[in-house]
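Presented below is the structure to which this report refers.
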Amino acid sequence: MSHSMDRRNEPWHPQQPQRSEEELWRPPNTAEPSPRRVGRTGEHARGGRGGHTRAPASHRADVQSEAGGARINEDLDLDELDPHGRARHRAAVKAARAASPNPRRKRAFQATASICAGVILAVASLGTYAYEHLFGQVDTESLDSLTDRPAAARADRFGNLPENILLLGSQTRDGQRGSHLGNSSKLGTDISDTAMLVHINAERKWATVVSIPRDLIVARPECRGRLDPTQTVPAATAAMFDLAMNLGGPTCAVATVEQMTGIRIDHFVEITFNAFQALTNAVGGVTVCVPPPGINDPNYSGLVLSPGLHTVSGPESLAFVRDRHGLANGTDLNRIRMQQMFVTSLFNKLASGGTLGDPITLYKIADAVTGNLTVDTGLDSINAMVGLAGSVQSLKSHYIQFITVPYGFDPGNQNRVIPGPGFDDVWTALRDDSPLPGSTAAATFGTTPSTPSANPSPTANASTAATAATADAAGAASLNGVPIEVYNSTVVPHLALYATENLKTLGLDAQVGPTSKRYSGYGQTEILYPRGDLARARALQARIVGSVTLQQSGYVSGLTLVVGQSRPAGLVAAPGGGSGTGPDAQSAGGPSASISAESRTGDESLCSDLPDTVRFGGHP
């Protein structure tokens, strides 16, 4: 076969000028060949391909190295496809580009990174702004200045701690918007017309909300002045509760509650009229129930509502929780019952709508109210607020118990109330992180045994009954004409007076001891007697229904009755009985006094257990 016939089936190649081997391997527009290609050995020509030669393996490796590690297909004869070397050059350029980022891609990546960084910076700036915007508006007061505080709550077996929060409704008119807010005499004041102590169980399974009447007469500790912290507000043995905040600010109200209850307050929140209206607007209104025949109070609160369910917000909601003249008797006590119903409805709306777990909605609510809040410094942070919202969110309304603390009317002033039977039982239960006896939470989770001084053991009760049984008629008769001095060792006012009056009804010669003698800190109610007077002491013990201990003392010259934290309800009952304490309140002081008729659970019907209203008269 001739040479020409051998090329018949070969691809056509244009005639090219004869080039040296070095020229064939040199890419276009390049200088002298690489030194690596000089003196190559082991090359061989491939015949029958127009004189073109295939690059040796060593050279192909060189091309791979120069391309930055990118691999060129070794099985592809680029010289055969393009004898000028352009194909090999393009492959090398492509490999080089693959090894290093495209400038356009690099610029795009840099732009994307810049955008991401900007977004992160914007989010961080927005978070900082939100934090400063919210908490920059909140007034704060530290509780660190308080002294002689109760011990902190003990953790449960899992290490969880209960929380005690004091909610204070300020009636200040300074800077507040709305009508029917009173005259100029209210300016400059900051009285807590509404006060609720919220106790959240350590395991966040239940809560107790105790309303404290504004007219409750209690002891007040020494406080710093509200308007001038350099001034001191003197302590008082008997003062209206709501004056504590007016004289010494919210920290003085906290100190008063702590002294009254023996419970350490973890946080407080003071809310003004403006904040309350903004809150109800932010949640879209709150559903309330008006008892028949309706509320007609155009002259005081301005509230005029027909009986039945209503959704109130803004000024109307404020009028609802402030109204008392439209209720029967026009008392603050009836207003408290309406406020408890309002709070249960508000909680149920927040919980059912998932608001407490929605950060955006929480922010909107916080943004609406923070400009009119005062909180302790422990709540002045996002983490604290979110943690508190989480604690409340976990509660079920069925296990939230609302109660007005047991009270009685002050015999010296029927417009004032005093602690009634069961008053201390409430605080004892909360100190023990125990549900109130008789509540739904107690039925489900049980109650924590109280301290021995509060609830004597069956053995102690049996001992008391045996002691009483040994008091014969002669011993009882020996009390005729025997003076009995009575003292109050608690911070609850008037207990010595009430005990004296009740002993007198038994025909005993009791009298309040002189103020020159003082007894304090007694856990139990005790009868102190001098040596040789045990028989009379036992006779007195037998006349008192409930647990009273006997103690011989060298510091007394006659029978001395000291009322302690644990005391028989009948002994210290206000003469004439109290209001809202129930028929069991006058019994032997059992824990049933802790749940009064003026109580409700969080899931109770809004229209249940509400006070009567005045006759509905239509719009003014």
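Details
- Among the candidates L197, L143, L168, the residue that is closer than 21 Å to T374 by Cα and in a loop (DSSP other than H, G, I, E, B) is uniquely L143.
- Unique match (being within 30 Å of L216 (Cβ to Cβ) and of a type outside the set (V, I, T)) among L550, L534, L540, L561: L561
- Single residue of region 541-566 satisfying the filter (in contact with a helix residue (DSSP H, G or I) (Cβ under 8 Å, 6 or more places away or on another chain) and among the small types (G, A, S)) that is farthest from T428 (Cα to Cα): A542
- Scanning region 514-528 for residues that are over 12 Å from G564 (Cα atoms) and at pLDDT 90 or above turns up just one, L528.
- Condition check for A111: at pLDDT 65 or above, more than 30 Å from A368 (Cβ to Cβ) and outside the structural domain of D323 (by TED's automatic domain parsing): yes
- Test: residue in region 488-499 that is in contact with a helix residue (DSSP H, G or I) (Cβ under 7 Å, 6 or more places away or on another chain), surrounded by 14 or more Cβ atoms within 10 Å (Cβ to Cβ), among the small types (G, A, S) and within 21 Å of G570 (Cα to Cα): yes
- Residue within region 270-278 that is assigned to a strand (DSSP E or B) and assigned by TED's automatic domain parsing to the domain that holds S381 present: yes
- Among the residues examined, F342 qualifies as modelled with pLDDT of 95 or more, in the same structural domain as F276 (by TED's automatic domain parsing), under 17 Å from S608 (Cβ atoms) and within 25 Å of the chain's Cα centre (by Cα).
- Extreme residue, surrounded by the fewest Cβ atoms within 10 Å (Cβ to Cβ), among residues of region 188-234 that are acidic (D, E) and closer than 30 Å to T440 by Cβ: E203
- Of the residues making up region 512-537, those that are touching a helix residue (DSSP H, G or I) at 6+ places or on another chain (Cβ under 6 Å) and free of Cβ contacts under 8 Å to residues at least 60 places away in the same chain are V512, I527, Y529.
- Condition check for T355: modelled with pLDDT of 90 or more, in the same structural domain as D193 (by TED's automatic domain parsing) and within 27 Å of L303 (Cβ to Cβ): no
Residue-by-condition table, conditions (1) of a type in the set (A, V, I, L, M); (2) surrounded by fewer than 19 Cβ atoms within 10 Å (Cβ to Cβ); (3) closer than 26 Å to R214 by Cα; (4) in contact with a strand residue (DSSP E or B) (Cβ under 8 Å, 6 or more places away or on another chain):
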| site | (1), (2), (3), (4) |
| --- | --- |
| S391 | no, yes, no, yes |
| K396 | no, yes, no, no |
| I403 | yes, no, yes, yes |
| P406 | no, no, yes, yes |
| P411 | no, yes, yes, no |
| R416 | no, yes, yes, yes |
| G420 | no, no, yes, yes |
| V426 | yes, no, yes, yes |
| A429 | yes, no, yes, yes |
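- One residue from G618, G546 being at pLDDT below 85, on the phi > 0 side of the Ramachandran plot and surrounded by 17 or more Cβ atoms within 10 Å (Cβ to Cβ): G546
- Within region 268-300, being under 17 Å from Q171 (Cβ atoms) and out of contact with any helix residue (DSSP H, G or I) (no Cβ under 9 Å at 6 or more places or on another chain) holds for no residue.
- Candidates G558, G589: the one that is at positive phi and either touching a strand residue (DSSP E or B) at 6+ places or on another chain (Cβ under 7 Å) or at pLDDT below 55 (or both) is G589.
- Only residues that are assigned to a helix (DSSP H, G or I) and of a type in the set (S, T, Y) were counted across region 287-339, and they come to 1.
- Applying a threshold of 8 Å to beta carbon distances and a minimum spacing of six or more residues, or different chains, the list of pairs starting in region 278-292 at a residue that is closer than 10 Å to G314 by Cβ and modelled with pLDDT of 90 or more and ending at one that is part of a loop (DSSP other than H, G, I, E, B) and of a type in the set (S, T, Y) reads T280/S313; N281/S313; G285/S313.
- Given (1) part of a helix (DSSP H, G or I); (2) on the phi > 0 side of the Ramachandran plot, index of the condition G284 fails: (1)
- Within region 423-445, tally of residues that are among the small types (G, A, S), at pLDDT 85 or above and in a loop (DSSP other than H, G, I, E, B): 2
- Selection of region 549-572 for residues being farther than 18 Å from L497 by Cβ and part of a loop (DSSP other than H, G, I, E, B) yields S553, G554, Y555, V556, S557, G558.
The values are calculated or read from the model by the stated rules, or taken from the named source; none is laboratory data. Note that the structure is a prediction, hence the values are computed from the model and not measured. Ideal geometry is used to build each Cβ from the backbone, glycine not excepted, and the neighbour counts take in all protein chains shown.
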